[in-house]
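This report concerns only the one structure given below.
The values are calculated or read from the model by the stated rules, or taken from the named source; none is laboratory data. Note that the structure is a prediction, hence the values are computed from the model and not measured. Counting neighbours? That spans all protein chains shown, and the Cβs are built from the backbone with ideal geometry, glycine included. When the accessible area is computed, the model is the full protein with side chains, heavy atoms only, and any ligands, DNA or RNA have been set aside. Shrake-Rupley method; radii C 1.70, N 1.55, O 1.52, S 1.80 Å.
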Amino acid sequence: SRIAFACLHWILCWIRALVYCLWTYILKMKPVITEICKDFYQIDNVFELEFLSDLVQKFDHYKRWDQLTGTDENGVIRYQHGLNLNDRESRGILEGLIPVTGFIIEQTQSRIWQNTPQLWADTPGYLNALHKDFSPNLSINVQVYLSDGNSNQGTWTQIDDEWYGINYCKNSGYILFNPTNMVHGMRYPVTDRRMSLYQSFRTTSTASDIW
């Protein structure tokens, strides 16, 4: 009958929709976290590509951002743009980093609070050499690279004269625990373009005035 045929057609459409949703879920990229050395982890497939594209569009007018010269001993410019914690992008960053923050909480066994996200555009020649952070607000650092570029423009640490590094690759980056105690920085200068998101976290609900 027509009613039976209509019901069968509806069921088949529902099954196709369910299979499509399941297949989309299976194919959806999930962040992958890999230990490089103690307190230093590589993360891949960080953000969904649509949100990643939204962040990259923020760089269209990066030369209007604040210019930092103190992070490179030769005074090469880093452009920096701080996002408002209530912005859509900041909320999207925190949402996109849920697997990462879950891993951080598991490792630290502590609550964490989001500091202001920063977008960084580093110009050719820029080199942020090995250093330790000094702000008590910086308990964990996360940096995500937002563009393609020379792979050696990533971030490194050195332990007992041994180098450990994260290659520069779009939509990948690192988690660094205890950045005030662990040296980290760049081993090689920027050769083309280096665009990244820097998101730090603290383990205190109230931020210190020391940055």
Cα-based Rg and Dmax for the chain, where Dmax is the largest Cα-Cα distance (Å): 20.8, 82
Estimated vicinal HN-Hα couplings, Hz - the stretch 81-89 in sequence order (Karplus 6.51, -1.76, 1.60; Gly, Pro = x): 9, x, 8, 6, 4, 8, 5, 4, 5
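How many percent of the accessible area of the stretch 121-211 is carbon or sulfur, using a 1.4 Å probe?
Details: 1820 of 3810 Å².
For the stretch 121-211, the apolar C and S fraction of the accessible surface comes to 48 percent.
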GNM result for the chain, Cα springs below 10 Å: residue of P136, P31, P117 fluctuating most strongly: P136
Gain on full stretching of the segment that runs from I11 to E50 - 0.36 nm per residue minus C-alpha separation: 10.8 nm
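Rounded to a whole number of µm²/s, how large is the Stokes-Einstein D of the stretch 89-186 at 25 °C and 0.890 mPa s, given Rh as the Kirkwood radius over C-alpha pairs? Please list the in-between numbers first.
Values: Rh = 14.7 Å.
D, rounded to a whole number, is 167 µm²/s.
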Prolate/oblate/rounded call for the stretch 139-211, Cα gyration tensor, a/c under 1.5 rounded: oblate
Mean Cβ count within 10 Å, highest first, over the residues of peptides 176-186, 99-109, 190-200: 190-200, 176-186, 99-109
Mean accessible surface per residue for the stretch 71-211, computed with a 1.4 Å probe while every protein chain stays in place, in Å²: 46
Distance (nanometres) between label positions extended 7 Å along Cα→Cβ at Q67 and T116: 2.0
For the chain, built as a Gaussian network whose Cα springs stay under 10 Å, the top-fluctuating residue of I112, I15, I93: I15
Zone of D192's modelled label, taken as backbone nitrogen in the stretch 124-168 under 15 Å from a point 7 Å along Cα→Cβ: 124-125, 146-154, 168
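If you keep only loop residues by DSSP, which trypsin sites (Lys or Arg not before Pro) in the stretch 41-117 have at most 14 other Cβ atoms within 10 Å of their Cβ?
R111
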Shape category assigned to the stretch 26-98 from the gyration tensor of Cα positions, a/c cut at 1.5: oblate
